[in-house]
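Here's the structure, in structure tokens; my notes come after.
The values are calculated or read from the model by the stated rules, or taken from the named source; none is laboratory data. As the structure is a computational prediction, the values presented were derived from the model and not from experiment. Every residue, glycine among them, receives a Cβ derived from its backbone with ideal geometry; neighbour counts consider all protein chains shown. Areas reflect the complete protein model, heavy atoms only, side chains present, ligands, DNA and RNA absent. Shrake-Rupley method; radii C 1.70, N 1.55, O 1.52, S 1.80 Å.
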Amino acid sequence: MSAILRKHALLQPDTLEWNWFQIGKGGLGIHSRLNLAGRSLEDQALPNDLRSCRPKSHPQAEMGEILVLGSGTWFDASGTRQSEYRLVELMVSPDEIGPSAELSVHHDVWGLCDFRGKPHPAIHAANAPRLSSALQELVQALGVAAEPGDPTYYGRAEGYGLEAPDIVDGRGPDLTDAVFG
């Protein structure tokens with residue numbers, strides 16, 4: 001999955017974060033973070049390195065969902081590449097019952113309007129197709145249909161992109177009144 005996101009310049013992984021839980025106890029309130037400096041996710045030693053972060057006081061602890069963090073590239077209206085930390089996030093669950101993955105986006109470049117409601121067709125045209133292509137490739141690689149996540153204040157997934165906002169008097173909704181999203 002990360003190779004597909006990297007190919008589209010959406011996520012260059014640099015850090016993994018995860019929590020620990022124990023069957024019968026639940027979440028332990030303990031989180032681990034591993035910097036990938038100079039390593040790739042294909043590194044054969046990586047799974048053992050993650051497990052070696054198990055809290056010593058909880059030898060039965062299991063890893064929860066793993067958040068893959070890093071920077072991605074988006075293009076501004078003039079076509080200039082911009083690097084953005086956490087442009088997209090990938091969360092994978094190593095659950096033995098059924099592994100899962102979630103891709104989240106945290107920027108207005110995927111929508112027809114910026115968060116202030118101003119249409120930005122050049123930015124949308126330069127970025128949304130890359131996200132759509134990556135999502136389609138992920139579906140093909142995983143062999144399962146994607147399920148859209150819950151709608152947020154900022155948007156709703158539709159197909160392989162975001163649902164178009166209601167445009168009133170040439171503007172979309174102003175979403176800047178949310179403090180923390």
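How tilted is helix 121-142 with respect to the longest principal axis of the chain? Cα atoms for both, answer in degrees (0 to 90, nearest 10).
So the helix axis and the longest Cα principal axis differ by about 40 degrees.
Give me the net charge of E42's neighbourhood, meaning all other residues with Cβ under 15 Å from the Cβ of E42; Lys, Arg count +1, Asp, Glu -1.
Once all neighbours under 15 Å are counted, the net charge is 0.
Could you give me the ³J(HN,Hα) list for the stretch 47-55, computed from phi with Karplus coefficients 6.51, -1.76, 1.60 and θ = phi - 60°, whole Hz, x at Gly and Pro?
With the stated coefficients, the stretch 47-55 comes to x, 5, 5, 5, 5, 5, 7, 3, x Hz.
I'd like to check one number: the per residue accessible area of the chain, probe 1.4 Å, reported in Å² as a whole number.
61 Å²
Once you have the Kirkwood Rh of the stretch 1-99 from its Cα pairs, apply Stokes-Einstein at 37 °C and 0.692 mPa s and quote D in µm²/s.
Result for D is 220 µm²/s.
Suppose only helical runs count, i.e. DSSP H with n ≥ 4. What mean residue ellipticity at 222 nm does that imply for the chain under -39500 (n - 2.57) per run, divided by all residues and rounded to the nearest 500 deg cm²/dmol?
My calculation for the chain gives -5500 deg cm²/dmol from helical runs alone.
Which residues make up the longest stretch of the chain clear of trypsin sites (Lys or Arg not before Pro) that lie in a DSSP loop with no more than 11 other Cβ atoms within 10 Å, not counting the sites?
In the chain, the maximal stretch lacking such sites is 57-181.
Each residue of the stretch 86-91 in order: what ³J(HN,Hα) in whole Hz does its phi give by Karplus 6.51 cos²θ - 1.76 cosθ + 1.60, θ = phi - 60°, with x for Gly and Pro?
With coefficients 6.51, -1.76 and 1.60, one gets 6, 4, 9, 10, 10, 10 Hz.
Taking all protein chains in place and a 1.4 Å probe, what share, in percent, of the accessible surface of the stretch 1-92 do carbon and sulfur account for?
The value for the stretch 1-92 is 50 percent carbon and sulfur by accessible area.
Which ³J(HN,Hα) values in Hz, rounded to whole numbers, follow from the phi angles of the stretch 93-103 under the Karplus curve 6.51 cos²θ - 1.76 cosθ + 1.60, where θ = phi - 60° and Gly and Pro get x?
Per residue, the Karplus-derived 3J(HN,Hα) values read 10, x, 3, 5, 5, x, x, 8, 9, 9, 10 Hz.
What net charge is computed for the residues neighbouring H58, neighbours being all others with C-beta under 13 Å from the C-beta of H58, Lys and Arg scored +1, Asp and Glu -1?
Charge balance near H58 sits at +3.
Please work out the C-alpha center-to-center distance from the stretch 100-161 to the stretch 21-66 and express it in whole Å.
If you average the Cα positions of each part, the centres end up 29 Å apart.
Quick one: plug the Kirkwood hydrodynamic radius of the stretch 57-181 (C-alpha pairs) into Stokes-Einstein at 20 °C, 1.002 mPa s, and report D in µm²/s.
Rounded, D is 132 µm²/s.
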